[in-house]
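The values are calculated or read from the model by the stated rules, or taken from the named source; none is laboratory data. Keep in mind that what you see is a predicted model, and the values were worked out from it rather than measured. Heads up, the Cβs are rebuilt from the backbone with ideal geometry, glycines too, and the neighbour counts pull from every protein chain shown. Heads up: the accessible areas ignore ligands, DNA and RNA and are worked out on the full protein's heavy atoms, side chains in. Shrake-Rupley method; radii C 1.70, N 1.55, O 1.52, S 1.80 Å.
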Amino acid sequence: MNNIENLFDYSVGQFEAIDHLLTMGVGAHLAALVFFLVCSQFVAPKYRVATALSCIVMVSAGLILVSQAGMWTDAFAFNGSVYELQDLTFSNGYRYVNWMVTIPCLLTQLLIVLNFTGSTLFKKATYLILAAWGMIITGYIGQLYEVSDISQLYIWGAISTVFFVIMNFIVGTSIATAKSTLLGGTQSTIMKIFWLMMFAWTLYPIAYLVPAFMNNADGVVVRQLLFTIADISSKVIYGLMITYVAIHQSAASGYLPAQQVLGRLATDKKAA
Ligand code: RET
């Protein structure tokens, strides 16, 4: 009973909205998985792990959303007028545990397209991942209290935010130092990726705080809406932009399949 989702009855519209949002999330991640698998052949070996990491994120996040959707429909049943809680309960905690895997992948793929290699890549990835894990673990603990003790939600949320700020600082400075190494006119794309991250990642703490400002069934719908927008932006759209940067840099450094897919070869132009 840790999450407010279990406290309310839901109208048909509210219940279905959440079911549809979770299912749409599954579809978006599966579709993007196919795209990343196809595109990895156009990415030079130097950057290919970045696209492979997107595939891992799609599988991991897609599976967790299948489980969230199943848990939602198992936990509630229609009694003729509303959906009410049955023997099982719903939990958002699975998401947090999933982030322990997906966030390190998202951060590492950024470092790869930023052309960090060797010990610098390893060092930066380690700091970023440790900050991310600190953020997730403390946030996980905080969300356990959202029903029983809202002040604990704030305290753990504040501690988690300190890690979040540190992580964003490392992301920002990494982009600033590596921007000039980016090839193929991707410098402006990397800035768009940065702002997409700032927007999408901030939706998660807002979803965390829903019990504080909208403690009702509509708030639950809003929370799942926020999670879905955040998931699709921070993983699917982000992954597409990372792969775009990877392919353009591959082409600029002379990788033939990348040049072909971008229609950059003189022979292709003649053939066309
Ligand atoms: C928590 C707790 C409250 C304070 C903050 C949080 C930040 C969460 C973030 C999550 C990002 C998730 C991603 C998942 C991808 O799969 C933990 C909600 C700041 C930033 C990008």
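Structure above, values below:
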item: Filter pass, Gly13 being within 29 Å of Ala207 (Cα to Cα), among the small types (Gly, Ala, Ser) and open to solvent by less than 20 Å² (accessible area, probe 1.4 Å); result: no
item: Matching option when the condition is assigned to a helix (DSSP H, G or I), among the hydrophobic types (A, V, I, L, M, F, W, C) and surrounded by fewer than 18 Cβ atoms within 10 Å (Cβ to Cβ), among Val57, Val66; result: Val66
item: Count of the range 1-10 residues which are part of a helix (DSSP H, G or I) and open to solvent by 40 Å² or more (accessible area, probe 1.4 Å); result: 1
item: Residue match in the range 203-211 (condition: more than 30 Å from Ala69 (Cα to Cα) and not in a loop (DSSP other than H, G, I, E, B)); result: no
item: Extreme residue, modelled with the lowest pLDDT, among residues of the range 251-271 that are aliphatic (A, V, I, L, M) and part of a helix (DSSP H, G or I); result: Ala271
item: Filter result (farther than 28 Å from Leu65 by Cα and in a helix (DSSP H, G or I)) within the range 29-46; result: Phe42, Pro45, Lys46
item: The range 165-182: number of residues that are closer than 21 Å to Tyr127 by Cα, open to solvent by 30 Å² or more (accessible area, probe 1.4 Å) and either away from the ligand (no atom under 14 Å from the Cβ) or aromatic (Phe, Trp, Tyr) (or both); result: 5
item: Filter pass, Leu33 being surrounded by 17 or more Cβ atoms within 10 Å (Cβ to Cβ) and either closer than 30 Å to Ala212 by Cα or among the hydroxyl-bearing types (Ser, Thr, Tyr) (or both); result: no
item: Residues of the range 129-160 classified as closer than 16 Å to Asn3 by Cα, open to solvent by 20 Å² or more (accessible area, probe 1.4 Å) and more than 9 Å from the ligand (Cβ to nearest atom), total; result: 10
item: Residue within the range 41-57 that is within 17 Å of the chain's Cα centre (by Cα) and closer than 30 Å to Glu146 by Cβ present; result: yes
item: Residue list for the range 40-66, restricted to those being under 24 Å from Ile229 (Cα atoms) and away from the ligand (no atom under 14 Å from the Cβ); result: Ala50, Thr51, Ala52, Val66
item: Residue in the range 116-126 that is more than 25 Å from Lys46 (Cβ to Cβ), surrounded by fewer than 22 Cβ atoms within 10 Å (Cβ to Cβ), of a type in the set (A, V, I, L, M) and within 16 Å of the ligand (Cβ to nearest atom) present; result: no
item: Residue count, the range 183-219 (criterion: open to solvent by less than 10 Å² (accessible area, probe 1.4 Å) and more than 16 Å from the ligand (Cβ to nearest atom)); result: 2
item: Residue check, Asn168 out of contact with any Gly (no Cβ under 8 Å at 6 or more places or on another chain), farther than 26 Å from Phe15 by Cβ and either charged (D, E, K, R) or part of a loop (DSSP other than H, G, I, E, B) (or both); result: no
item: Residue list for the range 227-236, filter: hydrophobic (A, V, I, L, M, F, W, C) and over 16 Å from Val38 (Cα atoms); result: Phe227, Ile229, Ala230, Ile232
item: Residue among Val97, Val26 that alone is open to solvent by less than 60 Å² (accessible area, probe 1.4 Å), β-branched (Val, Ile, Thr), within 16 Å of the ligand (Cβ to nearest atom) and part of a helix (DSSP H, G or I); result: Val26
item: Contacts under 8 angstrom Cβ, first residue in the range 188-204 being under 13 Å from Val171 (Cα atoms), partner of a type in the set (Gly, Ala, Ser) and within 13 Å of the ligand (Cβ to nearest atom), 6 or more apart; result: Leu196/Ser233; Leu196/Ser234; Met197/Ser234; Trp201/Ala230; Trp201/Ser234
